[in-house]
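**Q** Below you will find the structure I want to go over with you.
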Amino acid sequence: MQQLESASAMFEVITAQNGQTSFELHSKVQFKPWSKAVFFDCLTAPYFANQLKISEQVQGYYIGLQVLDEITLMDIAVDPVKQGQGLGRQILMHFIQQCRMRNGAEIWLEVRESNSAAQHLYTNSGFELIEKRKKYYQTETGTESAIIMKLSLSDKMDQSQ
C-alpha cells in the first residue's frame, strides 16, 4: 500500500479478495458496466489495478493493461459523491507513476465525448488528442463518440533530462 498526504488515504492493489467494493463502484458509474467475471479477470496479469481508500473506504480506482511498453487505461472511477475534490487527479497521477515504474513508453485511453471533466483532467495531465471514434459508446438515446488520447512517457522523461 502506498500512503498519501492524508494519514487516512492510501492506494492498494485490487485483488479478488478486496475488489468487491471497486466492482460495485464500477457498476454504479458505468452506463454499460462489465460483468463481475470480466471485472475480476482485469485484476490479473497483464492487467494491474489499484484502489484509493480514505479512512478505509474505497473512493476510486483504476485498471490498466500493459502490453510490452504500451499501457492502456482501461477504467478509472471516483465515487460520484467525492467527484470534484481532486481525487481523480490523485488516482490518475498514481496510475501514471505506476506506468513509469513498469517502464511504459505510452499510455492510451478513450473517454466519452460528453465527459468534458475527464477530458480536461487528461489534457492538463499531458495527454494529447489522437482521434475521435464516432458512435463508439452507447447512450440512453443512441450513441456518442469516443475521444482517443495518448501520453508519451518517453517524451516526458527526455524533456526532464
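Read-outs throughout are calculated quantities, based only on the coordinates presented, and are distinct from any laboratory measurement. Note that this is a predicted model, so its numbers are computed, not measured. Methodologically, a virtual Cβ is constructed for each residue, glycine included, from the backbone with ideal geometry; neighbour enumeration extends over all protein chains shown.
**Q** Kirkwood-based Rg over Rh for the chain (C-alpha set), two decimals? Could the numbers behind the result be given before it?
**A** On the way: Rg = 15.4 Å, Rh = 16.3 Å.
Dividing the radius of gyration by the Kirkwood radius yields 0.95.
**Q** Under 8 Å for C-alpha pairs, at least 6 residues apart: give me the relative contact order for the stretch 11-116, rounded to a whole percent. Present the calculation step by step, with values, prior to reporting the outcome.
**A** Working: 145 pairs, mean separation 23.8, N = 106.
That works out to 22 percent.
**Q** Restrict the search to the stretch 16-71; then list the GluC sites (Glu not before Pro) that DSSP places in a loop and that have at most 12 other Cβ atoms within 10 Å of their Cβ.
**A** Values: sites: 24, 56, 70; in loops: 56.
Passing both the DSSP loop test and the Cβ count: 56.
**Q** With all pairs of different alpha carbon atoms counted, what Kirkwood hydrodynamic radius in Å does the stretch 1-90 show? Don't jump to the answer; show the numbers that get you there.
**A** Values: mean 1/r = 0.0748 Å⁻¹.
One over the average 1/r among Cα pairs gives 13.4 Å for the stretch 1-90.
**Q** Can you flag which of 32/132; 32/82; 82/132; 53/132; 82/135; 53/82 are past 23 Å Cα-Cα?
**A** Working: 32/132 20 Å; 32/82 21 Å; 82/132 29 Å; 53/132 33 Å; 82/135 29 Å; 53/82 12 Å.
Pairs exceeding 23 Å: 82/132; 53/132; 82/135.
**Q** Quick one: Karplus J couplings for the stretch 83-100, per residue in order, coefficients 6.51, -1.76, 1.60, θ = phi - 60°, nearest Hz, x for Gly and Pro?
**A** 5, x, 10, x, 5, x, 5, 4, 5, 5, 5, 5, 4, 4, 4, 5, 5, 4
**Q** Measure out, as a whole number of angstrom, how far apart the alpha-carbon centroids of the stretch 90-122 and the stretch 16-87 sit.
**A** First find each Cα centre; the distance between them is then 13 Å.
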